[in-house]
DNA sequence: ACTATAATTCGACATATTTCGAAGTGTAGT
DNA sequence: ACTACACTTCGAAATATGTCGAATTATAGT
């Protein structure tokens, strides 16, 4: 369990964090807050307070807090105090990074993969 | 925990399965088996036997078996008996699906997102 | 039939996770 | 200073997970 690169350990922690339905729901909420079809204002629209998140989930505040801490520790969300409440959001770069992990083109060590794919299929 | 859509439940199970370092290593092995720079023969090169996987992980065969079962139950890998051994592989479509989940363009409900992104940044 | 190889199933055990309520901390308004 | 609001921290309890060795199943070769 301990002879893996930081890389795989860190990523496993991310996936573990997303492996709980409540946390995945939070994460998804934080990514899909932009109304479909409208311009996404990254700086504002993607922020939610802990309270807002808790309302949708219907679980105890202490449980919401626990889950948010897990998401934060995994490096999936950012938080910031704003007056009485605390804002949560996701950095768009993180989504790119995660998306890239499953990108077979990426895994194939760069570039000419679109080419290769076609070769295989022909 | 139970008032979530099948969708989110199923996906959470996938991420939970990937949330263990050993399983993530298996999964990664199964996706990156193609030698970088060469053509990826989907039908053959992406298959590994349980034994081959176990060797690299240095854990008891029964533990490997357990992890593979989890990956299978989550819908992440496919298996097939071939003689004495059992082959495991990942369907490329699955990688596309997972990659798409983190694709903010995708989340934003299709198409004109590349456009939108640029609008925001300008 | 016997043996070897490949993998799974079955307890068992230690450890981790999820969840809650109660108590605590920090901020803003009166 | 007091009160309300927003959230976190701290046990505690129930449940789930990761790991192994021993026993079992399935296949192939002799």
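Points to keep in mind about this one:
- Of the residues contained in region B:63-71, none is found to be in a loop (DSSP other than H, G, I, E, B) and within 13 Å of the chain's Cα centre (by Cα).
- Region A:1-50 holds helices (runs of 4 or more DSSP H) entirely within its bounds, and those carrying 2 or more residues that are facing chain B (nearest Cβ under 7 Å) and at pLDDT 75 or above map to A:6-18, A:21-31.
The values are calculated or read from the model by the stated rules, or taken from the named source; none is laboratory data. Just so it is clear, the model here is predicted, and its values are computed rather than measured. Cβ: placed from backbone, ideal geometry, glycine included. Neighbour counts: every protein chain shown.
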